[in-house]
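J.: Take this structure, written in structure tokens, and hold onto it; I'll ask about it next.
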Amino acid sequence: MRIGIAVKPGLADAAETLAGIELWLASHSVGSSWEPAAAALLPPGERRVVERADLPRDADLVLVLGGDGTLLALAKAIAETNRDIPILAVNFGSLGFLTEITRPEIYSSLDAVLAGTAEHDQRMMLRAVANRAGAAPSTHWALNDIVFTRTALSRMIDLAIWVGDQFVASVKADGLIVASPTGSTAYNLAAGGPIVHPAMDALVLTPIAPHMLTNRPIVIPAERDVRVRSNSANAGNIYVTFDGQSGFEMQEGDEIAIARAPKPLRLVRSSSRSYFDVLRQKLKWNER
């Protein structure tokens, strides 16, 4: 087995932990690949350094130290390589809803991985294909959500939405969130959308500050793709982002087709906490 190690850039607090992980892997005869940001925090020495985008191609598991943003970046890298390898995410951030493994649990979690007893959560990934007249389609990946928002000085935007071949609505709002079950506890939740258990095979469409008060979030089956199209009045007024990691300004007639990705992301899960434990601990869910 070879484990790839990634870290939030500039996370100096992780230096001691990374050094301990390197010694532990060597003592267990486990190969390792280090992204540059992680290698930079280690003492000088000979080690295999691999760029973040290529790390999933070089490893059987990716160990991530950081917050949810770092995990989202590695989830995208795994999807782009079309590999089926798990992520073990250790929380060094402030909330860490996705990076639920704590620092004291690192070595017991690695022990479980080597023994083949680690538990995994299967998390739906989203694949978005952007279509623009006169240009080749481009593919983008997201674990949490794909968000359409207005640009800084624009007014309310107007988006036409289809589910499969069925027209849904023209949404006039500050924006629109298309979230996976995993992403239902991210921006979707802040915008008034529902919490969806990650085992559900569904997508959530949540308008952001809609003009019509009757325009409410809706949960749809994941086997149907969602198509979102801008109209002429929106030219230069809409920005689409993918997990907040990348994005672009939409032009008139652009269409984004969003569907469940062919492969889910596998997250190594803490054996000491359930999903509902995480909801209560991290989001203070159901507390008065």
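J.: Taking the residues in the range 181-195 that are of a type in the set (A, V, I, L, M) and closer than 17 Å to Asp243 by Cβ as candidates, determine which candidate is surrounded by the fewest Cβ atoms within 10 Å (Cβ to Cβ). So that I can check it myself, show each step before the final result.
T.: Here is the first cut: in the range 181-195, the ones of a type in the set (A, V, I, L, M) are 186, 189-191, 195.
Going one step further and asking which of them are closer than 17 Å to Asp243 by Cβ, we end up with 186, 189-191.
Working: Ala186: 23, Leu189: 20, Ala190: 11, Ala191: 20.
So the residue we want is Ala190.
J.: Basic (Lys, Arg) and in a loop (DSSP other than H, G, I, E, B) - does that describe any residue in the range 155-172?
T.: For the range 155-172, residues basic (Lys, Arg) and in a loop (DSSP other than H, G, I, E, B): present.
J.: I'm trying to understand the selection: among the residues of the range 40-59, which are basic (Lys, Arg), assigned to a helix (DSSP H, G or I) and under 13 Å from Ala6 (Cα atoms)? Please lay out each step first, then the result.
T.: To start, the set of residues in the range 40-59 that are basic (Lys, Arg) comprises 47-48, 52, 57.
Filter again for assigned to a helix (DSSP H, G or I), leaving 52, 57.
Matches in the range 40-59: Arg52 only.
J.: Can you tell me which residues in the range 222-257 are in contact with an Asp or Glu (Cβ under 7 Å, 6 or more places away or on another chain) and over 29 Å from Thr70 (Cβ atoms)?
T.: Arg227, Arg229, Ser230, Asn231, Ser232, Ala233, Asn234, Ala235, Gly236
J.: Testing Pro198 on (1) outside any strand (DSSP E or B); (2) farther than 29 Å from Arg52 by Cβ; (3) in contact (Cβ under 8 Å) with a residue 12 or more places away in the chain, one condition comes back false. Which one is that?
T.: (2)
J.: Are any residues in the range 126-155 modelled with pLDDT of 95 or more and among the basic types (Lys, Arg), and if so, which ones?
T.: Answer for the range 126-155, where residues must be modelled with pLDDT of 95 or more and among the basic types (Lys, Arg): just Arg127.
J.: So, one more: Name the residues in the range 102-131 that are closer than 16 Å to Asp13 by Cβ and not basic (Lys, Arg), would you? It would help to see each step written out before you state the result.
T.: Here is the first cut: in the range 102-131, the residues closer than 16 Å to Asp13 by Cβ are 102-104, 106.
Correct list: Thr102, Pro104, Ile106.
J.: Considering the range 54-102 alone, what residues qualify as being charged (D, E, K, R) and in contact with a Gly (Cβ under 7 Å, 6 or more places away or on another chain)?
T.: Step one: list which residues in the range 54-102 are charged (D, E, K, R), which gives 54, 57-58, 60, 68, 76, 80, 83-84, 100.
Within the range 54-102, Asp58, Asp68 qualify.
J.: Continuing with the same structure: Conditions: (1) out of contact with any Gly (no Cβ under 7 Å at 6 or more places or on another chain); (2) assigned by TED's automatic domain parsing to the domain that holds Asp254; (3) in a strand (DSSP E or B); (4) more than 12 Å from Ile258 (Cα to Cα). His120 meets all but one. Number of the miss?
T.: (2)
J.: I'd like the residue in the range 261-287 that is more than 18 Å from Ala190 (Cα to Cα) and free of Cβ contacts under 8 Å to residues at least 24 places away in the same chain and, out of all such residues, is surrounded by the most Cβ atoms within 10 Å (Cβ to Cβ). Give the derivation first.
T.: In the first step, residues of the range 261-287 are kept if they are more than 18 Å from Ala190 (Cα to Cα); the result is 261-277.
Narrowing the set further to residues that are free of Cβ contacts under 8 Å to residues at least 24 places away in the same chain leaves 274, 276-277.
On the way: Ser274: 11, Phe276: 11, Asp277: 13.
Restricting to residues being more than 18 Å from Ala190 (Cα to Cα) and free of Cβ contacts under 8 Å to residues at least 24 places away in the same chain, the top hit is Asp277.
J.: Something else: Is it the case that the range 249-258 has a residue that's small (Gly, Ala, Ser) and modelled with pLDDT under 90? First the steps, then the outcome.
T.: Of the range 249-258, the ones small (Gly, Ala, Ser) are 253, 257.
Subsequent filtering for residues that are modelled with pLDDT under 90 retains 253.
So far as the range 249-258 goes, yes, one or more of its residues are small (Gly, Ala, Ser) and modelled with pLDDT under 90.
J.: OK, next. Leu88 - would you say it is under 22 Å from the mean Cα position of the chain (by Cα), assigned by TED's automatic domain parsing to the domain that holds Gly20 and at pLDDT below 95? Lay out the reasoning, then the answer.
T.: Working: under 22 Å from the mean Cα position of the chain (by Cα): yes; assigned by TED's automatic domain parsing to the domain that holds Gly20: yes; at pLDDT below 95: no.
For Leu88, the condition - under 22 Å from the mean Cα position of the chain (by Cα), assigned by TED's automatic domain parsing to the domain that holds Gly20 and at pLDDT below 95 - is not met.
J.: Please verify whether Thr214 is surrounded by 13 or more Cβ atoms within 10 Å (Cβ to Cβ) and of a type in the set (Ser, Thr, Tyr), treating the condition exactly as stated.
T.: Criteria not met by Thr214.
J.: Still on this structure: Mind checking which residues of the range 244-288 are basic (Lys, Arg) and part of a loop (DSSP other than H, G, I, E, B)? Don't jump to the end; show me each part of the working.
T.: Within the range 244-288, the first condition is being basic (Lys, Arg), and the residues that meet it are 260, 263, 266, 269, 273, 280, 282, 284, 288.
Correct list: Lys263, Arg273, Lys284, Arg288.
J.: Checking the structure you have, find out if any residue of the range 102-123 is in contact (Cβ under 8 Å) with a residue 12 or more places away in the chain, closer than 14 Å to Asp243 by Cβ and in contact with a Leu (Cβ under 8 Å, 6 or more places away or on another chain). Full working, then the answer.
T.: Taking the range 102-123 and keeping what is in contact (Cβ under 8 Å) with a residue 12 or more places away in the chain, we get 102-103, 105-107, 109-110, 112-114, 118-123.
Within this subset, residues satisfying the condition of being closer than 14 Å to Asp243 by Cβ are 123.
Filter once more, so that each one left must be in contact with a Leu (Cβ under 8 Å, 6 or more places away or on another chain): 123.
Within the range 102-123, one or more residues are in contact (Cβ under 8 Å) with a residue 12 or more places away in the chain, closer than 14 Å to Asp243 by Cβ and in contact with a Leu (Cβ under 8 Å, 6 or more places away or on another chain).
J.: Which pairs turn up if I take residues in the range 1-22 that are within 15 Å of Val50 (Cα to Cα) and look for partners that are surrounded by fewer than 15 Cβ atoms within 10 Å (Cβ to Cβ) with beta carbon separation below 7 Å, at least 6 apart in sequence or on another chain?
T.: Arg2/Gly31
The values are calculated or read from the model by the stated rules, or taken from the named source; none is laboratory data. Nothing here was measured: the structure is a model prediction, and the numbers come from that model. No Cβ is skipped: glycine too gets one built from the backbone with ideal geometry, and neighbour counts run over all protein chains shown.
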